1. At q = 0.13, 0.14 Å⁻¹, what is the base-10 log of I(q)/I(0) for the range 33-186 according to the Debye formula with one equal point scatterer per Cα and no solvent? Please give it to two decimals.
2. Once you have the Kirkwood Rh of the range 146-210 from its Cα pairs, apply Stokes-Einstein at 37 °C and 0.692 mPa s and quote D in µm²/s.
3. How large, in Å, is the range 181-331 by the Kirkwood hydrodynamic radius built from its alpha-carbon pairs?
4. Count the net charge of all other residues whose Cβ sits under 15 Å from the Cβ of ARG419, scoring Lys and Arg as +1 and Asp and Glu as -1.
5. What fraction, in whole percent, of alpha-carbon pairs in the range 329-377 exceed 19 Å separation?
6. Any idea what Rg and Dmax come out to for the range 83-152 if you just take the C-alpha atoms, in Å?
7. Where does helix 551-567 land angle-wise versus the long Cα axis of the chain, in degrees 0 to 90, nearest 10?
8. For the chain, what does -39500 (n - 2.57) per DSSP helix run (n ≥ 4), summed and divided by total residues, give at 222 nm, in deg cm²/dmol to the nearest 500?
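The values are calculated or read from the model by the stated rules, or taken from the named source; none is laboratory data. Because the structure is predicted, anything quoted here is derived from the model rather than measured. As a convention, Cβ positions derive from the backbone with ideal geometry for all residues, glycine included, and neighbour counts pool all protein chains shown. Accessible surface is based on the protein model in full, side chains and every heavy atom, while ligands, DNA and RNA are left aside. Shrake-Rupley method; radii C 1.70, N 1.55, O 1.52, S 1.80 Å.
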Amino acid sequence: MTAKTPRTAPPIDPGERARLLAGEHHDPHALLGAHPVKGGVVLRTLRPWARSVTAVLPKGRTVELRHEGDGLFSALVPLLRKVPAYEFRVRYDDGPELAVQDPYRHLPSLGELDLHLIGEGRHEELWTALGSRVMTHGGVSGTRFAVWAPNARGVRVTGDFVHWDGTGLPMRSLGSTGVWELFVPGIGEGAVYKYDITRPDGSHTVRADPMARRTECPPNTASIVTASHYEWGDQEWMARRGARPPHEAPISVYELHLPSWRPGLTYRQLAEELPAYVRELGFTHVEFMPVTEHPFGGSWGYQVTGFYAPTARLGTPDDFRYLVDALHRAGIGVLMDWVPAHFPKDDWALAEFDGRPLYEHADPRRSHHPDWGTLEFDYGRKEVRNFLVANAVYWCQEFHVDGLRVDAVASMLYLDYSREYGEWLPNEYGGRENLDAVAFLQEMNATVYRRCPGIVTFAEESTAWDGVTRATDLVGPGGFGGLGFGMKWNMGWMHDSLQYMEKEPVHRKYHHHEMTFSMVYAYSENYILPISHDEVVHGKRALVSKMPGDWWQRRANHRAYLGFMWAHPGKQLLFMGQEFAQGSEWSADHGPEWWLLDPEYGAEADHRGVRDLVRDLNQVYTATPSLWERDTAPEGFEWVVGDAADDNVLAFLRYDAFGSPLLAVCNFSPVVRHDYRIGVPDAFAAWGEVLNTDASRYGGSDVVGTDPVKTESVPWHGRAASVRMTLPPLATVWLRPA
């Protein structure tokens, strides 16, 4: 049918019109779309740059809309008792007419329960409510956009689908929640978008979506509409991963920086190489340095702008799922670094998101992080806490991640962290503890453990805060409930033991306590022993290069230290490159020096030997419950020789739940010690070596015990029996009853 000449629609109030065109209207749906009035139904649409707009009504009836100016088109359709189904045909310049659905004919796509939970700060699947989501709404396919911006005077969607002019897509405010929403028909996966926000002062800022689940590849900063189509194959892994409590299970972690492990590989290409490598070396888990989107690669992912998006540098979110799935199918757990301590100040991201401090605290003494030039989250604001708690759940639930290592926990817990007198505000009780951060960490841990059985959380906490791994409902001496983490990085052990190893052997006797002091507090928390990326960059030198002596002695020290570390109570973490004694510091640009393992290099025994040792350490470790089953129980450890400072010798026993022992003996001097007597339990007739870091296949001098050493009824070290051993130089030996 021929389009009829429209009757003039009642005009919009000039003030309402001005607010709409300026992107400041809280309810554009009240002005746009279809509305019954006296005499019919008003159709109105905002189509900047359009030459003509025609409404197509039921039974083929068409009505041409009159241009009111500024891109507003309207018509009064008479003789209609209710709002009909309709669509628009829009013509731009001399192009063809385009059939489009009207975003403003739809009711809100967010339900009352979603809004209630958001308002309460308790929406544990926040990513399903906010951000962009492909959906069918009102029988029409499109994308729902929703963003929390309570201080905004108005919000509009902009993107490549409107040539980055968001004038025609103003969003509506959903009550007091601070959420703005708009369902846009015809927009699907791959659409690139941002939010055009009108600040309280009337100025505009264009922001990436805080809830974006996919982003453009940096340096581009826009968000991308996405939906997952991945079909998981790790059902067996997921069903059994929580069968044993983590603190009673073997955990040996290979930490790596995905972009530089094999530079240039994508998530899917990494999935073809990484699982095989990690499985060959026997690590039980990998830990990824942050994979969340970040604009500056030099931050290694620790300055996050896209908390819900895997970095696009290596592929899509489903590509990352493929990598996690491949590791699970290889029997390897996946941990990832998570950074709720701070975020960067980029003006397209979270900083003053809607024109005022929103995700950060309003007081600069609480919001600006002096160490990193970043902003700290306002943990006391329920919506911010919800954003972070839901984010932790998101990675574990949507990507099957098995655990989160929370970065820089100490900077969250203390109000005076890296601040001088007068630069910080005490809490309501006059103390330095950040009570909001404490409550947030407790809520995060409790929520993640409840929703995602089998996961484990790790805290990088560098102080003596009491109860990091204590249950949240148990109050400690300091008056605080436990933070609820599963494990804590043992920074004290790392610092002390490395300080000892860096000394020349002749001076080590004066620092012997640095190797034994960790057992004073070993059972105060559930610990993991970290030799992480932080210890092999910024002039700290690679692990083998910290060691004294010539190249042979450095490698021997390196091997002896790893043997001590794997036997010490606590789980283990080793950063990439240290498993084959890379001599130079880690470079995020070049990654590990894999060429050192090339036979053509000529010194492959130097490095392959150390890598073979790490493989054997892991194999013996996982097969020996005495090395991990009672890590958190004092009954699982006994000193045999803890005071032989002049000899640079340590010896201790580890026990499993049935009392089966493993004896670890460390000689941190460069001399062979013959007939060295060690006290042992008298219940066993002989002890045989199960691992010796001085073996020639590891690059050592091959002072190894080929035959078991017999137990003698000679009291020693407070025990009724003992053995005589030959201790190899700069080496650790593990023995079990033969």
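1. Log10 I(q)/I(0), no solvent term: -0.67, -0.76.
2. Values: Rh = 12.0 Å.
Stokes-Einstein gives a translational diffusion coefficient of 274 µm²/s.
3. Radius from the Kirkwood sum: 17.5 Å.
4. On the way: positive: ARG365, ARG366, ARG432; negative: ASP363, ASP371, GLU376, ASP416, GLU420, GLU423, GLU433.
So the surrounding residues net to -4.
5. Values: 410 of 1176 pairs.
Roughly 35 percent, rounded to a whole number.
6. That works out to 16.1, 51 Å for Rg and Dmax.
7. Computed tilt is about 80 degrees.
8. Values: 16 runs with 157 residues, N = 738.
About -6000 deg cm²/dmol.
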